[in-house]
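Please read the structure below before turning to the comments.
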Amino acid sequence: TCSGIVPMKYRPETISIADFGGVGDGWKLNTNAFREAIFRIEHLHHAGGTTLYVPPGVWLTGPFNLTSHMTLFLAQGAVLKAVQNTARWPLVDALPSYGRGRELPGGRYMSLIHGDGIQDVIITGDNGTIDGQGDVWWNMWRQRTLPFTRPNLLELMHSTDIIISNVVFRNSPFWNIHPVYCSNVLVRNVTILAPYDSPNTDGIDPDSSSNVCIEDSYISTGDDLVAVKSGWDEYGISYGRPSSGITIRRVTGSSPFAAIAVGSETSGGVENVLVENVNIFNSGFGIHIKTNVGRGGYIRNITITEVNMNNVRKGLRIAGDVGDHPDDKFSPNAIPVVSGLTIKNVWGMNVQQPGSIQGIKNSPFTGICLYNVKLSNEVPWKCTDVSGSALVVQPGPCSELASTTG
């Protein structure tokens, strides 16, 4: 386990959302109650911090900000439900490493639960639920009527020492859990659910963050289950904050896209990622390493091991032609570097295509090691360089290969 990177803390003081006029009847809007309760925690500075307790009930709310040294605790039977009136969602600035909203130019809607520059924060409970009621947002996306980028369910920025555990995340408007510019983040024992056709409902996206531990979780959404990111083209290159020290283990789930992804936004760099003991079923891709010309940055020292797949369209894809661009200002000379990728002990049943590897002109993928990868006995791998020429596959233990270039 890597859960020790952030110790669970006991809070000597507990207050209830009901103490601030909150009503869990599913109808009363409780945004002000949450804001007032958190204002009290922030300004009284109780030694050791304070727990904000959410009792059983359906607590309708708009977006609110967390503060340092607090625990948000959702009791069994507690449902924190997002208001669907989009006018009640404030706009916030675009992330500097993205330069604009991820979907549209300009700002973006604030996440339901948000925090910026905070530390020592715990979001936990007895498997209470945070429900984004995302269908109104998904429909706007399908109908192309979105004015700005959709909100995440939970986003923490510039924050440290975060625990997210024992909570169910459901029906996020956009990405579910998004730690960005953070360090020391533990996500453990969470369940993340969204319909198979819900657009861009990524499960957990550590983004330009370090020392992130994701363990013992079940994720079934409409997009990548876990995607490691670090900024978008020239904006991510300029911001220059990599994602590093990412551990992902004992994750189970399904997705029409990838179970485990790196990218495609990797302009600040991604390194030192360990993925192990993952079970994937009914998915598009098992593992997807994806980047593009204009990204710059690097993807290096990635180890993926002990992966089981069942009913997956493509087991492994490594590609340098994935993802769009924020604008036309990206440099065609900003070529990402992919190196030091080890994938071993991967098994699959009902895998339509074991995998494909396609490189980038003038930037070969180097040091790719596939060892004991058994995904199909009938369908060949598709491995080509940018010209379409077949790549040489060298059998043998990885220690015998100086580098495998593609």
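The values are calculated or read from the model by the stated rules, or taken from the named source; none is laboratory data. Fair warning: this is a prediction, and the values are worked out from it, not measured in the lab. Quick reminder, even Gly has a Cβ in these numbers, built from the backbone with ideal geometry, and neighbours come from all protein chains shown. Note: areas computed on protein heavy atoms with side chains; ligands, DNA, RNA excluded. Shrake-Rupley method; radii C 1.70, N 1.55, O 1.52, S 1.80 Å.
So the values come out like this:
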quantity: Nearest 10 degrees, 0 to 90: helix 31-44 Cα axis against the chain principal axis; calculated: 90 degrees
quantity: Accessible-area composition of segment 1-90, carbon plus sulfur, in percent [1.4 Å probe]; calculated: 55 percent
quantity: Three-way shape label, segment 67-122, alpha-carbon gyration tensor, a/c 1.5; calculated: oblate
quantity: Reachable aspartates and glutamates, given that their alpha-carbon falls under 12 Å from the alpha-carbon of LYS361 and they are not under 8 places away in the same chain; calculated: ASP321, ASP385
quantity: Whole-angstrom gap from segment 232-271 to segment 325-375, using each part's C-alpha centre; calculated: 13 Å
quantity: Paired Rg and Dmax values of segment 216-276, which use every Cα atom, in angstrom; calculated: 12.5, 35
quantity: Within straight-line cross-link reach of LYS28, lysines at Cα separation under 28 Å, skipping those fewer than 8 residues along the same chain; calculated: LYS81
quantity: Beta bridge orientation in the chain: antiparallel %, DSSP, nearest 5; calculated: 5 percent
quantity: Stretch in the chain that is longest and holds no trypsin sites (Lys or Arg not before Pro) that DSSP places in a loop and that have at most 11 other beta carbons within 10 Å; calculated: 145-328
quantity: Where the chain is the region considered: accessible area per residue in Å², 1.4 Å probe; calculated: 39 Å²
quantity: The chain: calculated mean residue ellipticity at 222 nm from DSSP helix runs of at least 4, using -39500 (n - 2.57); calculated: -2000 deg cm²/dmol
quantity: Separation in nanometres of the label points that stand 7 Å from Cα toward Cβ, at LYS374 and ASP135; calculated: 4.4 nm
quantity: Extension gain (nm, one decimal) between THR1 and THR31, 0.36 nm per residue minus Cα-Cα; calculated: 7.2 nm
quantity: Förster-model FRET efficiency, 41 Å R0, ASP197 and ASP93, C-beta, rounded to 0.05; calculated: 0.85
quantity: Estimated translational D of segment 98-188 in µm²/s (Stokes, Kirkwood radius over Cα pairs; 20 °C; 1.002 mPa s); calculated: 154 µm²/s
quantity: If the convex hull is drawn through the Cα atoms of the chain, its volume per residue in Å³; calculated: 130 Å³
quantity: Segment GLU42-TYR10, extension gain: residue separation times 0.36 nm, minus the distance between their alpha carbons; calculated: 9.8 nm
quantity: Of all DSSP beta bridges in segment 52-121, antiparallel share, percent nearest 5; calculated: 15 percent
quantity: Rh by Kirkwood over Cα pairs, then Stokes-Einstein D for segment 25-72 at 0.692 mPa s and 37 °C, µm²/s; calculated: 287 µm²/s
quantity: Spin-label model distance (nm) - ASN345 vs ASN308, 7 Å beyond Cα toward Cβ; calculated: 1.3 nm
quantity: Two-site label geometry, LYS329 and ASN277: point separation in nm, points 7 Å out along Cα→Cβ; calculated: 4.6 nm
quantity: Over 26 Å between alpha carbons, listed pairs LYS9/LYS290; LYS290/LYS344; LYS314/LYS344; calculated: LYS9/LYS290
